[in-house]
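Colleague: One structure follows; several queries about it will come next.
The values are calculated or read from the model by the stated rules, or taken from the named source; none is laboratory data. These numbers were taken from a predicted model, which means no experiment stands behind them. Every residue, glycine among them, receives a Cβ derived from its backbone with ideal geometry; neighbour counts consider all protein chains shown.
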């Protein structure tokens, strides 16, 4: 098995803020930014400039904006951004993510809406922005899957979504297969479409349902847990990992528990007759006051 260098626990929390995001984006004009073009349009049409958003999120042929004012003004601003950026649909961000199936809170303001194909680091993600959550802030974690040593390995993704981690592994690492578990049937449908778009449908296997009900006659070399509640599913992951295998878990950790989380995980693992080595742990980003999105990679061994 490929060796990953260990990192001492007391040094591991180095937040990735400020690192460049490696995304496939079209070059923007150096002469006039979309915001400047929309600003000009607003002034010409007597729209309050303070209501203009200066930032947007782009997914394929659609963008997401934070919009204010009456609906007619919002649609004018959305249309101006669509023409300036060169997209067909614009959504208004209305809130956060809802429920266990991670549904976004967006409203279509301009254009036809519907399915998009979002290109990121050579991976095509197919989804409907109004119906499927896609986090632009986790790009470095998705990119890191391209170099995960998974060649010839059996991989289990317990919370696959539309394939944020599974697709890069399947496309760039050539694993034996990637078993995906997804509780949201719509996400599972888009995962299937995305696998076909990336020509890895022969590598991706899909279980539609709660990963806690997934049963397998085989053990996995790598288990990925891309869910803030992953510690609740940790026992299930231990039951499916092969000796010497890796568990990559994403979890939500409060500031006051950052230094204790490694010890807590080790105690949990020991209760089930396993031992572990922390290969890596790092802060992905801050997600709320005094809370961090943390990624931890563990090598699991039987005692």
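Colleague: Which ones in segment 263-279 are in a strand (DSSP E or B) and more than 21 Å from residue 154 (Cβ to Cβ)?
Modeller: 275, 278
Colleague: In contact with a helix residue (DSSP H, G or I) (Cβ under 8 Å, 6 or more places away or on another chain), modelled with pLDDT under 50 and over 19 Å from residue 89 (Cα atoms): does that describe residue 5?
Modeller: For residue 5, the condition - in contact with a helix residue (DSSP H, G or I) (Cβ under 8 Å, 6 or more places away or on another chain), modelled with pLDDT under 50 and over 19 Å from residue 89 (Cα atoms) - is not met.
Colleague: A follow-up question, please. Confirm whether residue 218 is in a strand (DSSP E or B) and either at pLDDT below 90 or over 30 Å from residue 117 (Cβ atoms) (or both).
Modeller: No.
Colleague: Hey, can you tell me all the residues within segment 104-121 that are in contact with a helix residue (DSSP H, G or I) (Cβ under 9 Å, 6 or more places away or on another chain) and either crowded, with 20+ Cβ neighbours inside 10 Å or more than 12 Å from residue 194 (Cα to Cα) (or both)?
Modeller: 109, 110, 111, 120, 121
Colleague: Any residue at all in segment 161-170 that's buried (at least 24 other Cβ atoms within 10 Å of the Cβ), in a helix (DSSP H, G or I) and more than 13 Å from the chain's Cα centre (by Cα)?
Modeller: yes
Colleague: Turning to a different aspect of this structure: Quick check: anything in segment 120-136 in contact (Cβ under 8 Å) with a residue 12 or more places away in the chain, in contact with a strand residue (DSSP E or B) (Cβ under 9 Å, 6 or more places away or on another chain) and part of a helix (DSSP H, G or I)?
Modeller: Yes: segment 120-136 contains one or more residues that are in contact (Cβ under 8 Å) with a residue 12 or more places away in the chain, in contact with a strand residue (DSSP E or B) (Cβ under 9 Å, 6 or more places away or on another chain) and part of a helix (DSSP H, G or I).
Each row is one residue, and each column tells you yes or no for (1) surrounded by fewer than 17 Cβ atoms within 10 Å (Cβ to Cβ); (2) modelled with pLDDT of 95 or more; (3) outside the structural domain of residue 169 (by TED's automatic domain parsing); (4) in contact with a helix residue (DSSP H, G or I) (Cβ under 7 Å, 6 or more places away or on another chain).
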residue: 203; (1), (2), (3), (4): no, yes, no, yes
residue: 231; (1), (2), (3), (4): no, no, no, no
residue: 246; (1), (2), (3), (4): no, yes, no, no
residue: 251; (1), (2), (3), (4): no, no, no, yes
residue: 267; (1), (2), (3), (4): yes, no, no, no
residue: 272; (1), (2), (3), (4): yes, no, no, yes
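Colleague: Can I ask one more? Out of segment 49-74, which residues are modelled with pLDDT of 90 or more, surrounded by 12 or more Cβ atoms within 10 Å (Cβ to Cβ), touching a helix residue (DSSP H, G or I) at 6+ places or on another chain (Cβ under 9 Å) and assigned to a loop (DSSP other than H, G, I, E, B)?
Modeller: 52, 53, 56, 67, listed by residue number.
Colleague: Sticking with this one: So for segment 254-262 (the condition being in a strand (DSSP E or B), buried (at least 16 other Cβ atoms within 10 Å of the Cβ) and assigned by TED's automatic domain parsing to the domain that holds residue 151), does at least one residue qualify?
Modeller: No: segment 254-262 contains no residue that is in a strand (DSSP E or B), buried (at least 16 other Cβ atoms within 10 Å of the Cβ) and assigned by TED's automatic domain parsing to the domain that holds residue 151.
Colleague: Something else about it: Can you pull out every residue in segment 137-150 that is surrounded by fewer than 20 Cβ atoms within 10 Å (Cβ to Cβ), within 30 Å of residue 219 (Cα to Cα) and touching a residue at least 60 places away in the same chain (Cβ under 8 Å)?
Modeller: 138, 139, 140, 143, 149
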